[in-house]
Amino acid sequence: MIGKLRKKVAGLSVLFVGVLLITVLLSLFFSARSNIARRSSEELRTALQSGAQYADTPCFIAELLPSGTVRVSGSSYYDLEDHNALSAAVQAAMDSGMQQGVLHQQGLRFYRQNGLLTVRIAFMDSSFEESTLRSLALAGIGLFLLAMAVVAALGWLLAGYITRPVERAWTREKQFLSDAGHELKTPLTVILSSAAVLEETADSEQLPYVDNIRFESRRMKSLVEDMLTLWRFEETAPVLVLSPLSELVAEAALRFEPVAFEAGHMLHYDIENDLHILGEREKLQRVVNILLDNAVKYAADDTAVALTLDRVGNQAILTVENKGTPIPPEKLEHIFDRFYRADESRGEVEGFGLGLAIAREIVQIHRGSITADSDARATVFTVTLPLA
């Protein structure tokens, strides 16, 4: 968890600085391109007014006479004897309909000036502009990559400094949960054993109190075990081995059939064969047990619970559906939170609100996802897992 938080803080820092730097670099690039284009246009306009020899950059001028003749003058930098190329450049400038612009096919920038009887067009090589802009772009990209490397390193160090107090608090919390859980298991076991012995000698008036002791002790023991389970998921990496997903889901469904029947529900299941996954068999079965138990608890009277397992591409899709009172949207988004229960919408049911949180942890460590949807028709939990 702390590692994810540190990565998120560092990632947000890099993202913020990256967006800011890209904005600045793009602004500088477009500003430079505009300045270069404006300067080139100024030089061409000067050439048209004063002559090509007065321009800072070599250029040439084509003058279109009323007779259709084109008179060309300008720098020896250009091959003014290539009449086909000159005609193509003049024609492209006239066809563009613009006063100024770039002829990319000819590699020329032009500026056109219409007179009473003639049209004069000044041209210059645009490759200098393109090479300058290309150099600016490459320099900007290099600067961006270098800046991002520096920001990423600094962001990682800063994120470590920021998350250090959180890490200490998280470590103390996990240590407390571990110690408290292990310390509570022993006295709870003693209480349950003592209650069992006391039940043998208790009279009819004492039996209800003994039953209360046993009931609450079992609930407390279940809570402690669930808390320790969540702590172990965060502390230990899963052992991923090839597991028969179809088989373990079928086993869980078969074991739950009598439980559903006693609760007044039929369990219908449709399981696709020969689906395998890299994971821990017991943990995956626990996910199925939690979802089936949840569905049976909250299903409306005399309704069926449905379980399906299908292959969609390279993923296995497990769904558990029950009909009953729908979960409101504002509570559905918290359904996988620890100790959260939507009891007021679905009736008081025994539990601590840790089952779905445990299911989510198991699914996530198997690189999958779990979602819940609820409406007037049914409540559906969907687990998506990558197939081996």
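The values are calculated or read from the model by the stated rules, or taken from the named source; none is laboratory data. Predicted, not measured: the structure shown is a model, and the values here were computed from it. Here Cβ is always computed from backbone atoms with ideal geometry, including for glycine, and neighbour counts include all displayed protein chains.
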Test for VAL259: is it of a type outside the set (Gly, Ala, Ser), assigned to a helix (DSSP H, G or I) and crowded, with 20+ Cβ neighbours inside 10 Å: no
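Yes/no per residue for (1) of a type in the set (Phe, Trp, Tyr); (2) closer than 30 Å to PRO244 by Cβ; (3) at pLDDT below 80:
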| site | (1), (2), (3) |
| --- | --- |
| PRO328 | no, no, no |
| PHE336 | yes, yes, no |
| GLY347 | no, no, yes |
| GLU350 | no, no, yes |
| ILE358 | no, yes, no |
| THR371 | no, yes, no |
| ALA378 | no, yes, no |
| VAL383 | no, yes, no |
| LEU387 | no, yes, no |
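Residue by residue, here is whether (1) modelled with pLDDT of 85 or more; (2) surrounded by fewer than 16 Cβ atoms within 10 Å (Cβ to Cβ); (3) polar (S, T, N, Q) holds:
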position: ARG168; (1), (2), (3): no, yes, no
position: LYS174; (1), (2), (3): no, yes, no
position: ASP179; (1), (2), (3): no, yes, no
position: THR186; (1), (2), (3): no, yes, yes
position: MET227; (1), (2), (3): no, no, no
position: TRP231; (1), (2), (3): no, no, no
position: GLU234; (1), (2), (3): no, yes, no
position: VAL239; (1), (2), (3): no, yes, no
Matching option when the condition is over 29 Å from ALA32 (Cβ atoms) and among the small types (Gly, Ala, Ser), among ALA153, ALA139, ALA52: ALA153
Whichever residue in region 81-135 is over 17 Å from LEU64 (Cβ atoms), aliphatic (A, V, I, L, M) and not in a helix (DSSP H, G or I) and, among such residues, is nearest to the chain's Cα centre (by Cα): VAL102
Options LEU292, LEU248, LEU254, LEU284; residue that is assigned by TED's automatic domain parsing to the domain that holds ALA376, surrounded by fewer than 17 Cβ atoms within 10 Å (Cβ to Cβ) and part of a helix (DSSP H, G or I): LEU254
